[in-house]
Amino acid sequence: MTAVATATAERELGASRLRVGEIWRIVRLLAVNPTIFFGVPWMILGGAWAVTMVLALIMTGAGAPMEEAREGFRYSWAVLSPQWYLVVVGVQAVAYTFSFALGFGSTRRDFWLGMSVMFVLVSAEMAVAIATLVQLEQLTNGWWIGAGMFDALWYGQLGWGFDFLSTFVLQLLVLFVGASATTIYMRWRVRGMMVLLFGTVALVLILIASLTFTESWPAVWTWLVGLTPIGLVLLGLAAAAVAAVAGFLVIRRATPR
Amino acid sequence: MTSTVVRASGLTKRYGSFAAVDHVDFALEEHRIYGLLGRNGAGKTTLMQLLTGQLFPNEGELEVFGRTPAEHADVLRRLCFIAESQRYPEDFTPKHVFTSAPWFFENWDAEFAERLIADFRLPVKRRIKKLSRGQLSAVGVIVGLASRAPLTFFDEPYLGLDAVARHIFYDRLLEDYAEHPRTIVLSTHLIDEVANLLEHVILIDQGRILLDRDAEEVRGQATTIAGARSVVEEFVQGRPIIGREGLGGLASVTIDGRLEREERIRAAELGLELAPVSLQQLIVHLTGADLAGATEKEVAA
């Protein structure tokens, strides 16, 4: 009796087109092995932090002036170290988990929506943590030994809010670019990847050629330099959104390996 | 009484100029065990991927529970299909598979799954990549059984399983099927192993269905006649021949169809030996490479 009742209730829910349960279970499926999304990025970040600390200790031990050392650490890319791994995570979500979810009876639509929710959650988590660690690093004056890892590049200049937003957008962009490029492979296989690769190269060359022949490079530079930091972040957000929508359209007809 | 679960007509899937499934018509009834038989590369997996909405057909009509399966959640939630070459998420273990299964299969029986894990002695914490072929098959078999999906597919479930494990699968499937009837499709090229399980046989070769018949009928369908060559040849004249073997002056010919009582008596009088044909033998006859061309016409006739 109960089984029948539940089934009917769920069917009614399904009729509304927004199947919360069916989307949320994809989030849970992606998180069932938490090391992938939550473990490894922090191991990478932790490893980079440990290296930075040791470097700082060596430098102070060697008697390097603290102020100059801090300046040098500004150019450290250690804070971005998990990004490359997260591209791979985006690729694997579509290459492996997508095939598996189809075997478990998910629709392509629900998979992509669930995966997108997961990407937003992971990006938000990383962004809150990194923006907060920047503040902590500043507060402790470089973890009490003048080391600098989080307070580097553009971080630590425009406050917690901007650090949060920029990390969030970068993370989202990286994950969605990895995932949506893989949907091309899942739909058109090697031929699709070739078209994507050569298409991108051709597009870039055409862009360079047209900018050169119309002598509009100065205008482009002025536009780029004129962009506010927020403008840049919004540009990144737009790119992530384009990748997300394109991936959704491609995966709707993709077939598992 | 019974209702139709799957209805396919003219179903076709092409890869370039190669037709993996070629204008196929068939139906699956509720609460039966089907054997989807055929050689490697016959089109078994492609057909199951079409039925589960993983592939999109190029041509033809396909209805599963009354609708096209692809992208229809209300159809897909009633299916379970773990492919023989199933991909699993990175670093997945069987434990991860069984933890997430109840989120996708509403009839999932966790206790039953636990029992099966013990029966198959499956190491649930070992990475899927490190499992042996038989252990990998066991993962698919356990999901297929414990999910109790109204339409369950087993893709080459016997691959790599040892004799004990094969026996366990056989027993548990029949036991659970009796208590929770559902439609089961079992694809395999190891035919003798599953012959006793099947209620209905669908034989596929080069993307086409050669045979779609009740298993009981199929078992008694063909007869082998052996004896002196000239006598055998005379006896089988005008009958649909699906296999022929010979050694010196002796011949053994397999014909499609039952022999009537009088014919049996006449054969005995002529000194011929009659033998039933096992499902596996019949299928070898029907799909044997050198005979495939001749066979198709005769089966169609």
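The values are calculated or read from the model by the stated rules, or taken from the named source; none is laboratory data. Note that the structure is predicted; figures quoted are calculated from it, not measured. Cβ atoms come from the backbone with ideal geometry, glycine included; neighbour counts cover every protein chain shown.
For segment B:125-143, a residue qualifies if it is assigned to a loop (DSSP other than H, G, I, E, B) and surrounded by 16 or more Cβ atoms within 10 Å (Cβ to Cβ), and exactly one does: B:LEU131. In segment A:225-257, how many are within 14 Å of another protein chain (Cβ to nearest Cβ) and part of a loop (DSSP other than H, G, I, E, B)? Residues that pass the stated criteria total 6.
So which residues in segment B:201-242 are among the polar types (S, T, N, Q) and either farther than 28 Å from B:ALA268 by Cβ or in contact (Cβ under 8 Å) with a residue 40 or more places away in the chain (or both)? Scanning segment B:201-242 gives B:GLN206, B:GLN221, B:THR223, B:THR224.
Of the helices (runs of 4 or more DSSP H) lying entirely inside segment A:49-143, the ones with 1 or more residues being within 30 Å of A:ILE251 (Cβ to Cβ) are found at A:82-92, A:98-103, A:108-139. Being at the interface with chain A (Cβ under 8 Å from one of its Cβ atoms) and closer than 22 Å to A:SER106 by Cα holds for only one residue in B:GLU84, B:GLU71, and it is B:GLU71.
Taking A:ASP163 as the residue in question, decide whether it is closer than 14 Å to A:VAL79 by Cα and at pLDDT 95 or above. Taking the combined requirement at face value, the residue satisfies it.
Within segment A:236-257, residues that are closer than 9 Å to A:SER180 by Cβ reach partners that are aromatic (Phe, Trp, Tyr) with beta carbons closer than 7 Å, at six or more positions or on different chains, in the pairs A:ALA243/A:PHE176; A:ALA244/A:PHE176; A:GLY247/A:TRP112; A:GLY247/A:PHE176; A:PHE248/A:TRP112; A:ILE251/A:TRP112.
When A:VAL51, A:VAL88 are checked against the criterion of being within 14 Å of chain B (Cβ to nearest Cβ) and not hydroxyl-bearing (Ser, Thr, Tyr), a single residue qualifies: A:VAL88. Condition (residue is at the interface with another protein chain (Cβ under 8 Å from one of its Cβ atoms) and surrounded by 20 or more Cβ atoms within 10 Å (Cβ to Cβ)) applied to segment B:102-112: is it met by at least one residue? Looking for residues that are at the interface with another protein chain (Cβ under 8 Å from one of its Cβ atoms) and surrounded by 20 or more Cβ atoms within 10 Å (Cβ to Cβ), one finds at least one in segment B:102-112, hence yes. When each of A:TRP143, A:TRP77 is tested for being exposed (fewer than 15 other Cβ atoms within 10 Å of the Cβ) and aromatic (Phe, Trp, Tyr), the lone residue that passes is A:TRP77.
In the condition set (1) more than 14 Å from every other protein chain (Cβ to nearest Cβ); (2) buried (at least 19 other Cβ atoms within 10 Å of the Cβ), A:PHE98 is compliant with all but (1). When segment A:121-133 is filtered for residues that are within 16 Å of A:ASP163 (Cα to Cα) and either in contact (Cβ under 8 Å) with a residue 40 or more places away in the chain or touching a Leu at 6+ places or on another chain (Cβ under 6 Å) (or both), the ones remaining, listed by number, are A:VAL122, A:SER123, A:ALA124, A:GLU125, A:MET126, A:ALA127, A:ILE130.
Selection of segment B:139-149 for residues being away from every other protein chain (no Cβ under 11 Å) and touching a Ser or Thr at 6+ places or on another chain (Cβ under 9 Å) yields only B:LEU145. Reported count of residues in segment B:15-53, each being part of a loop (DSSP other than H, G, I, E, B) and small (Gly, Ala, Ser), is 7. Is it the case that B:SER230 is at negative phi, surrounded by fewer than 19 Cβ atoms within 10 Å (Cβ to Cβ) and hydroxyl-bearing (Ser, Thr, Tyr)? When the stated conditions are applied, B:SER230 passes them. Mind counting the residues in segment B:1-14 that are part of a loop (DSSP other than H, G, I, E, B) and of a type in the set (A, V, I, L, M)? The number of residues fulfilling the criteria is 1.
Within segment A:201-219, can one find any residue that is surrounded by 10 or more Cβ atoms within 10 Å (Cβ to Cβ), under 24 Å from the mean Cα position of the chain (by Cα) and aromatic (Phe, Trp, Tyr)? No, segment A:201-219 contains no residue that is surrounded by 10 or more Cβ atoms within 10 Å (Cβ to Cβ), under 24 Å from the mean Cα position of the chain (by Cα) and aromatic (Phe, Trp, Tyr). Return yes when B:LEU259 is more than 30 Å from B:ASN107 (Cα to Cα) and part of a loop (DSSP other than H, G, I, E, B) and no when it is not. Judged against the criteria, B:LEU259 is a match. Which residues, taken from segment B:57-76, are free of Cβ contacts under 8 Å to residues at least 24 places away in the same chain and assigned to a loop (DSSP other than H, G, I, E, B)? Listed by number, the residues that qualify are B:GLY66, B:THR68, B:PRO69, B:ALA70, B:GLU71, B:HIS72.
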